[in-house]
Amino acid sequence: MTDDKSEPKIIIDSDWKEEAQQEKERLAEMENEAPGAGGPEQVGFPHLINLLAMQAIVGMGGMQDPNTGKPIPADPMMARFHIDLLGLLEEKTKGNLSEDEKSLLSQSLHELRNMFVQVTSAPPPQAAPPTES
């Protein structure tokens with residue numbers, strides 16, 4: 001006598017792969033029909049370049065604190081890090097970018113490197129000499 005309770009019953013839904021594929025196709029069609037419609041702007045490679053470039057500019061002291069209006073103190077190491085990240089991105093994506101993306105990345109790097117040299121080469125501001133009264 002066999003005990004039916006000791007053997008697990010496996011129910012196989014043979015259509016699950018087909019249903020999953022159909023769902024994938026429906027989602028792909030929806031994305032192709034209206035990219036970004038009703039939702040946030042789609043993120044692209046230029047957004048990544050701009051994000052890293054902005055962080056480099058902040059590191060060079062090129063931004064003001066929105067709450068106080070005072071310049072954010074320069075952090076050359078942070079600026080250099082983000083410029084180096086952009087350089088790494090340029091190296092690793094060589095041959096895989098559109099002309100517009102390649103141009104944006106190259107131009108951004110050129111401008112940021114020039115700014116970095118200017119900021120780090122400038123003599124530190126000197127304190128005003130004491131006035132004699």
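The values are calculated or read from the model by the stated rules, or taken from the named source; none is laboratory data. Here the structure is a predicted model, which is why all the values come from computation and not from measurement. Because the Cβ atoms are built from the backbone with ideal geometry, glycine has one as well, and the counts that use them run over all protein chains shown.
Quick rundown of the values:
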| read-out | value |
| --- | --- |
| Residue pairs meeting the criteria (Cβ under 8 Å; at least 6 apart or on separate chains; first more than 27 Å from residue 84 (Cβ to Cβ), in region 55-72; second surrounded by 11 or more Cβ atoms within 10 Å (Cβ to Cβ)) | 70/64 |
| Failed condition for residue 63, given (1) more than 30 Å from residue 27 (Cα to Cα); (2) exposed (fewer than 12 other Cβ atoms within 10 Å of the Cβ); (3) modelled with pLDDT under 90 | (2) |
| Filter result (in a loop (DSSP other than H, G, I, E, B) and surrounded by 10 or more Cβ atoms within 10 Å (Cβ to Cβ)) within region 66-93 | 72, 74, 75, 93 |
